[in-house]
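Asker: Dropping a structure here in structure tokens format, bear with me for questions.
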Amino acid sequence: MQRRQFLATAAATALVGCQDASRTLEGCFAGADMARGHALRDLLRGGALPGPAVVRRVRVVVAGGGIAGLAAARALRLAGVEDFALLELEDEAGGNSRAGSVLGRACPRGAHYLPVPGDGAPEVQDLLEELGLRQRVAGRWRYDEFTLCHSPQERLHWQGRWHYGLLPVEGVAPGTLAQYRRFAERVQAFARSGAFAMPTFANFGSNEAPAPALLALDAMTFAGWQAREGLDDAHLRWYLDYCCRDDYGAGSGVVSAWAGIHYFASRHGFAVPDEGERDGEADEGVLTWPEGNGFLARRLAAPLAAAGQLFTGHSVLRIAEERHGVQVDALDHASGQVVRWQAERCVVALPLPLALAVVQQPPPFLRAAALGHAAAPWVVTNLAIAAPLADAPGAAPAWDNVVYDDPTPGGLGYVDAGHQRLDARAALAAPTVLSYYQALGDMQGARAQLAQRPWQHWAQAAIGALAQPHPDLARRIERVEVTRYGHAMAVPRPGRLETLSRIGIQRPTINTSLLLNGERPRALPTPATARLAFAHADWSGYSVFEEAFTRGHGAGLQAAI
Ligand SMILES: Cc1cc2nc3c(=O)[nH]c(=O)nc-3n(C[C@H](O)[C@H](O)[C@H](O)COP(=O)(O)OP(=O)(O)OC[C@H]3O[C@@H](n4cnc5c(N)ncnc54)[C@H](O)[C@@H]3O)c2cc1C
């Protein structure tokens, strides 16, 4: 959706590396509606909320249509509950996993990949099976070849050349390789301990706190842990910092050592590059689509829209738990009216600060969780190009392309929406969209800048970041669309695991086999009151698909009981 159109001759003139200074750069802000979010905040702060013009009744309301809310809705349907309404503030469901398109070319506006889920995430495995992306063939699980990220997956622009993988390897000193090996050994030991799982909280048994060793890691920063371990190599530190910013929105000086290690130990590990791998990560399957995880969000939302259960453009203002039911007031942005929903239960699939703002007489565990919550701002700049760019020498174009000395704050490189095309030669020549990511959790005043700076500022930042490997980028851009997230994702700062695991003990034990007639009864993480079930990646302290989906699934089942 294009909310504001600008033509920016002046800005284009200033673009780094621009060889045709008189060119007009066309673009706009798109995706998340910051103005609507701010209007909601002002309304909630103002105190006196408008009264309802209409009253409706449903069995369950799902507040928030990100991955957690969509997963809750799916779980309700699987459990046989069709009488529900999902209320979403934006004009499209999906939250941080929404897709978009620029000049008709699909691209992510936020999340862009899902690692092949391990056995600790059976709910996610089930979803992929349902969507036909995971099949059992001759006794083995196989993932859809069109969806598994094609090779080459990643490359790093470093010392004027592209290198395969994201860890600097070629020509580094023996001492650097020795530190890579030491870190790999540490990760292997942590992974073997079984204490790191994805999703995280499904790993702790009911009423069981994390082991003291995990809490010790949770108490310090990842950078502090590296210093304690003598892991001081500049390349290793750069890589670990990049990984933290990529998954948690802030660097290794901000996130906890538990989170930093969890990134590797819960999923793909860390393989020593000179022992068979092209980079620091073991050869891991990654699922991706041209539109990123928007593919999954849309597949989850489609049946709800068809069944009239999805209400987009509805901002939840108030959730009041009462003796005989729940009242949910939502502003319908199309009519300007407040609709009151009377329900038996409500799934609160909202970011923590929003949940705290709208739930009346919030339960103590919600207050406690919101207290230490910090969220990182993010920017995604989608650059549509008609033809291949000039490229630095070295490794061939990959799906994920990262610049080592990226001059742009929080810059994480770009993914190419055209990467999954099957005909490699045609793919290289065809128009595509490059999605450049910036995680701004380390940047002072980032949120104010997001609100104040024009889209051209972010376009220039992306172009400047990529000027070295692609000097002709500014000249080749057809259109730019910038998506801003003021409070994109939870940052797992020291102490977060301790706080949230204490709260997570609130969850009930749900026998999913009773509800779904399945084979996998297990407790799912669902902080809940009598009528409210809470679900959002924020409850995990960090934001990835597996966390949001598993929590949403658990909350949906809880609401279906
Ligand atoms: C730029 C970016 C890139 C990412 N990349 C990846 C990736 O590649 N892989 C990955 O696994 N994860 C990624 N993530 C993490 C991503 O946040 C999670 O994967 C997941 O989408 C989180 O879902 P959620 O439902 O917990 O939260 P959200 O996406 O925050 O969903 C909350 C929903 O509630 C809605 N809402 C808020 N207030 C109200 C209200 N008052 N009334 C009604 N609705 C409301 C919001 O509009 C939103 O739709 C990325 C995140 C960002 C920001």
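Every read-out reported here was derived from the displayed coordinates using simple, explicitly stated rules and does not represent laboratory data. In this text the structure is predicted, and so the values were computed from the model without any measurement. Reconstructed Cβ throughout: ideal geometry from the backbone, glycine too, with neighbour counts over all protein chains shown.
Asker: Using the Cα centre of the chain as the reference point, and only Cβ charges (+1 on K/R, -1 on D/E), how large is the resulting charge dipole? Debye, rounded to the nearest 20. Don't jump to the answer; show the numbers that get you there.
Answerer: On the way: 52 positive and 56 negative charges, 286 e Å.
Roughly 1380 debye for the chain.
Asker: Further question: Measure off 7 Å from each Cα along the Cα-to-Cβ vector at Ala430 and Glu82, then give the distance between these two points in nanometres to one decimal.
Answerer: With each label point 7 Å from Cα toward Cβ, the separation is 3.9 nm.
Asker: For segment 400-472 and segment 209-225, compute the distance between their C-alpha centroids and round to whole Å.
Answerer: When both Cα centres are located, 33 Å separates them.
Asker: Can you list which of the DSSP-assigned H helices in the chain have a Cα extent of 15 Å or more along the long axis and an average Kyte-Doolittle score of at least 0.5?
Answerer: Span-like helices, by this rule, are 67-78, 294-306.
Asker: With contacts defined as alpha carbon pairs under 8 Å and 6 or more residues apart, what's the relative contact order of segment 167-280 in percent? Walk me through the intermediate numbers first.
Answerer: Values: 125 pairs, mean separation 44.8, N = 114.
So the answer I get is 39 percent.
Asker: Measuring from label point to label point, each 7 Å out along Cα→Cβ, what is the Leu371 to Gln420 span in nm?
Answerer: The modelled label-to-label distance comes out at 4.3 nm.
Asker: Along the charge dipole of segment 167-280, which of Ala173, Phe190, Ala271 sits closest to the positive end, that is, farthest toward it, with unit charges on the beta carbon of Lys, Arg, Asp and Glu (+1, +1, -1, -1)?
Answerer: Phe190
Asker: Here's something else I'd like to know. Can you sort Glu481, Glu322, Glu82 from fewest to most other Cβ atoms within 10 Å of each residue's own Cβ? All intermediate terms of the calculation are to be shown ahead of the outcome.
Answerer: Details: Glu481 27, Glu322 10, Glu82 13.
So the residues, fewest neighbours to most, are Glu322, Glu82, Glu481.
Asker: Give the relative contact order (percent, whole number) for the chain; include only Cα pairs under 8 Å separated by 6+ residues. Could the numbers behind the result be given before it?
Answerer: Details: 1272 pairs, mean separation 143.8, N = 561.
In percent, rounded to a whole number, it is 26.
Asker: Taking other Cβ within 10 Å of each residue's Cβ, how do Ile503, Ile561, Ile477 sort, fewest first? Could the numbers behind the result be given before it?
Answerer: Details: Ile503 20, Ile561 13, Ile477 24.
Ranking Ile503, Ile561, Ile477 by Cβ neighbours within 10 Å, fewest first, gives Ile561, Ile503, Ile477.
Asker: Ok, one more. Given 10 Å bins starting at zero, what is the percent of C-alpha pairs of segment 167-280 in each, up to the one with the largest pair distance?
Answerer: Each 10 Å bin holds this share of Cα pairs: 14, 47, 31, 7, 1, 0.
Asker: For segment 335-364 and segment 65-141, what is the separation of their C-alpha centers, rounded to whole Å?
Answerer: 23
Asker: Using the alpha carbon gyration tensor of the chain, what are the three equivalent-ellipsoid semi-axes (square root of 5 times each eigenvalue), largest first, in whole Å?
Answerer: 36, 29, 22
Asker: Additional query: Using alpha-carbon positions, what is the distance between the centroids of segment 145-161 and segment 311-328, in Å?
Answerer: 45
Asker: Which ordering of Glu547, Glu498, Glu185 is given by a fewest-first count of other beta-carbon atoms within 10 Å? Present the calculation step by step, with values, prior to reporting the outcome.
Answerer: Numbers: Glu547 28, Glu498 18, Glu185 12.
Listed from fewest to most nearby Cβ atoms, that is Glu185, Glu498, Glu547.
Asker: Among Val433, Val379, Ala417, whose Cα projects farthest towards the positive end of the dipole of segment 360-447, with charges put on the beta-carbon of Lys, Arg (+1) and Asp, Glu (-1)?
Answerer: Farthest towards the positive end: Val379.
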